[in-house]
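Notes to accompany the following structure.
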Amino acid sequence: MSRLIVISNRVSAPTADQPGAQGGLAVALTAALREADGIWFGWSGDTGETGELKFETYDGVTSATIDLPEQDVEEYYDGYANRTLWPLFHYRLGLTEFERDFQGGYERVNRVFGDVIGPHIQPDDLIWVHDYHMIPLGWVLRQRGLTNRIGFFLHIPWPPTRLLTALPEHRRLVEALFAYDVIGFQSDEWLETFHDYVISEMGGSIGKNEHITVGGRTIRAIACPIGIDAKEFVASAGSSQARTTHARMVESSIGRSLIVGVDRLDYSKGLEEHFNGYQRYLETHPDAHSNVYLLQIAPPSRAQVQSYQDIRAQLDALSGRINGAFADIDWVPLRYVNQGFSRDMLAGVYRAARIGLVTPLRDGMNLVAKEYVAAQDPEDPGVLILSQFAGAAAQLGNALLVNPYSPDDIADAIERALAMSREERIARWRPMFENVRDEDVIWWRKRFTKALMAVPIPA
Ligand code: GDG
């Protein structure tokens, strides 16, 4: 059996310091790594001179990380990944920064990864590279003579061609993708926008069986939506910590309906829009005041990037304005919490919420929507309100789908969700739960690795 090699910016395999699996991706990949005697490579998250890889094997899974010098972190991670590619791929041209130094740092770090990882690859290893931090890595590995089967999965959206061409080196970036054998996208929509670029900018053609040809090179590009570890999440919702949290929420709600939002503090998540939609609901439903409240959990992320500091300041001001305008002596309409909680606690909060409000402006997938569905009580589930612009909307069509840019749309959906009968809630929830359960993270991993293993091994 081939070994599986996973390469991503950060490694979330369990270690002696952090023995628990870090989220669904870690669960899916560590199980596969353990079975296939694999290695998970990435950045340690620490700054320092790039030296040797640090290997650690814990619970049958090996991870290998390197430190990166401060300048590399600034240019590759804070710069090109988070200030160029992330906003651009989320359709936010106005927030995208175009700096040659960022691009230089990005390519340099990808070369470093290729240099340090390359010697550890064996001829029949299956290599799986993840996300926008690592787009050129496949190409770098090919330059070093590797003929292995190499796949790439993009966790975020693929942008429309007209937007992508605003990136000075767009052609170079996409050409590098053709070093891979298989490329995976979260949804058909991102796959189609990729096709559009390949046809219109590269003169490529789309063939049978998801094949794409440019010049003499044919690769396969597939839609392969990521799931959550549904089994684990259902168990989490039944854990003692989840039950205690659920009871705490019910008690502190004193009969009011809880609307919950859980999002990394990121401008792509549409937090401002979802506060605006809630505010519109409060303005247009004065009778509902004190029957409902919104709990927004938003752990800060990428706090060293200016646009993230800006969104945080805007949300602080907006939440203050909403509470200032609507709060009563015994009712606060919005609880805005800037910290993270354990998964079990989150599961308890999801289960206590009559509405899960998920309104990203663009999102590759959005796992919170799936977690909300997984955590519900089958006999009395809540209602998911979901942005039509999340990748998850393609699978969770029984949610109340909204346009997050429209406060009226969000307000109407809140009204509809609060009035929804138990029968309708169950009828909407059940097919969504079946999807979350069946197309889970293990299904996703198998679907991708199967496509990669189907690639003929070069003679
Ligand atoms: C990228 C793509 C794609 C959040 N707060 C807490 C917490 N979380 C967890 C959630 C969820 C995860 O973080 C967030 O996942 P998302 O999918 O919503 O978003 P991104 O971080 O932007 O992820 C996205 C994903 O990659 C996978 O491919 O779906 O589209 O942008 O699991 O639960 N977890 C804990 N405490 C918190 O307070 N423990």
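What residue, among those in region 383-414 that are in a strand (DSSP E or B) and buried (at least 24 other Cβ atoms within 10 Å of the Cβ), is nearest to the ligand (Cβ to nearest atom)? Within region 383-414, the match that is nearest to the ligand (Cβ to nearest atom) is Ala390. Cβ-Cβ distance below 9 Å, separation of 6 or more or different chains: which pairs start in region 129-144 with a residue that is on the phi > 0 side of the Ramachandran plot and end on one that is within 16 Å of the ligand (Cβ to nearest atom)? Note: pairs meeting the criteria are Asp131/Ser8; Asp131/Asn9; Asp131/Ala81; Asp131/Phe152; Asp131/Phe153; Asp131/Leu154; Asp131/His155; Asp131/Ile156. Among the residues of region 211-224, those identified as touching a Lys or Arg at 6+ places or on another chain (Cβ under 9 Å) and touching a residue at least 40 places away in the same chain (Cβ under 8 Å) are Ile222, Cys224.
Please find, among Arg3, Arg10, the residue that is out of contact with any helix residue (DSSP H, G or I) (no Cβ under 6 Å at 6 or more places or on another chain) and either more than 16 Å from the ligand (Cβ to nearest atom) or not assigned by TED's automatic domain parsing to the domain that holds His133 (or both). Working first, answer last.
Details: Arg10 fails: either more than 16 Å from the ligand (Cβ to nearest atom) or not assigned by TED's automatic domain parsing to the domain that holds His133 (or both).
Criteria check complete, one pass: Arg3.
Inspect region 336-348 for any residue being of a type in the set (Ser, Thr, Tyr), closer than 25 Å to Ala288 by Cβ and within 18 Å of the chain's Cα centre (by Cα) and give the result as yes or no. Looking through region 336-348, none of the residues is of a type in the set (Ser, Thr, Tyr), closer than 25 Å to Ala288 by Cβ and within 18 Å of the chain's Cα centre (by Cα). Being free of Cβ contacts under 8 Å to residues at least 12 places away in the same chain and outside any strand (DSSP E or B), is that true of even one residue in region 46-59? No, that holds for no residue. In region 258-273, the residues that are farther than 13 Å from Leu294 by Cβ and without any contact (Cβ under 8 Å) to a residue 60 or more places away in the chain form Cβ pairs under 8 Å with partners that are aliphatic (A, V, I, L, M) and near the ligand (Cβ under 9 Å from one of its atoms), at six or more places apart or across chains, as follows: Arg264/Ala298. Which of (1) free of Cβ contacts under 8 Å to residues at least 40 places away in the same chain; (2) more than 11 Å from the ligand (Cβ to nearest atom); (3) in contact with a strand residue (DSSP E or B) (Cβ under 6 Å, 6 or more places away or on another chain) is the odd one out, the single condition Ala419 does not satisfy? Looking at each condition in turn, Ala419 falls short on (3).
Here is the figure for region 70-113: residues that are buried (at least 22 other Cβ atoms within 10 Å of the Cβ) and among the small types (Gly, Ala, Ser) total 3. The residue pairs whose first member lies in region 184-199 and is under 15 Å from Phe89 (Cα atoms) and modelled with pLDDT under 95, whose second member is within 15 Å of the ligand (Cβ to nearest atom) and assigned to a helix (DSSP H, G or I), and whose beta carbons are closer than 9 Å, counting only pairs six or more residues apart or on different chains, do not exist in this structure.
Among the residues of region 240-254, the ones that are surrounded by 14 or more Cβ atoms within 10 Å (Cβ to Cβ) and more than 13 Å from the ligand (Cβ to nearest atom) come to 6 in all. Just checking, does region 347-359 include any residue being assigned to a loop (DSSP other than H, G, I, E, B), β-branched (Val, Ile, Thr) and at pLDDT 95 or above? For region 347-359, residues assigned to a loop (DSSP other than H, G, I, E, B), β-branched (Val, Ile, Thr) and at pLDDT 95 or above: present.
Quick grid of which residues meet (1) within 14 Å of the ligand (Cβ to nearest atom); (2) polar (S, T, N, Q); (3) surrounded by fewer than 17 Cβ atoms within 10 Å (Cβ to Cβ):
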residue: Gln304; (1), (2), (3): no, yes, yes
residue: Ile322; (1), (2), (3): no, no, no
residue: Phe326; (1), (2), (3): no, no, no
residue: Met345; (1), (2), (3): yes, no, no
residue: Val349; (1), (2), (3): yes, no, no
residue: Leu357; (1), (2), (3): yes, no, no
residue: Asp363; (1), (2), (3): yes, no, no
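Only helices (runs of 4 or more DSSP H) whose full extent lies in region 139-211 are considered here, and the ones with at least 1 residues that are closer than 23 Å to Val112 by Cβ and not acidic (Asp, Glu) are 170-177.
Buried (at least 23 other Cβ atoms within 10 Å of the Cβ), out of contact with any helix residue (DSSP H, G or I) (no Cβ under 7 Å at 6 or more places or on another chain) and farther than 18 Å from Arg171 by Cα: is that true of Ile117 in this structure? It would help to see each step written out before you state the result.
Working: buried (at least 23 other Cβ atoms within 10 Å of the Cβ): yes; out of contact with any helix residue (DSSP H, G or I) (no Cβ under 7 Å at 6 or more places or on another chain): yes; farther than 18 Å from Arg171 by Cα: yes.
The answer is yes for Ile117.
Just the residues that are of a type in the set (S, T, N, Q) and part of a helix (DSSP H, G or I), please, taken from region 304-330. Within region 304-330, Gln306, Ser307, Gln309, Gln314, Ser319, Asn323 qualify.
Could you say whether any residue in region 265-277 is within 16 Å of the ligand (Cβ to nearest atom), in a strand (DSSP E or B) and surrounded by fewer than 24 Cβ atoms within 10 Å (Cβ to Cβ)? Yes, region 265-277 contains a residue that is within 16 Å of the ligand (Cβ to nearest atom), in a strand (DSSP E or B) and surrounded by fewer than 24 Cβ atoms within 10 Å (Cβ to Cβ). In region 293-314, the residues that are over 30 Å from Val250 (Cβ atoms) and in contact (Cβ under 8 Å) with a residue 12 or more places away in the chain reach residues that are within 16 Å of the ligand (Cβ to nearest atom) and of a type in the set (Asp, Glu) with C-beta atoms within less than 9 angstrom, at least six apart or across chains, in these pairs: Arg302/Asp266; Tyr308/Asp266; Ile311/Asp266. Regarding region 370-377, can at least one residue be identified that is within 13 Å of the ligand (Cβ to nearest atom) and either under 22 Å from Asn276 (Cα atoms) or assigned to a strand (DSSP E or B) (or both)? So far as region 370-377 goes, yes, one or more of its residues are within 13 Å of the ligand (Cβ to nearest atom) and either under 22 Å from Asn276 (Cα atoms) or assigned to a strand (DSSP E or B) (or both).
The values are calculated or read from the model by the stated rules, or taken from the named source; none is laboratory data. This structure is a prediction, so every number in the text was calculated from the model and none was measured. Cβ sites come from the backbone with ideal geometry, for glycine too, and all protein chains shown count toward neighbours.
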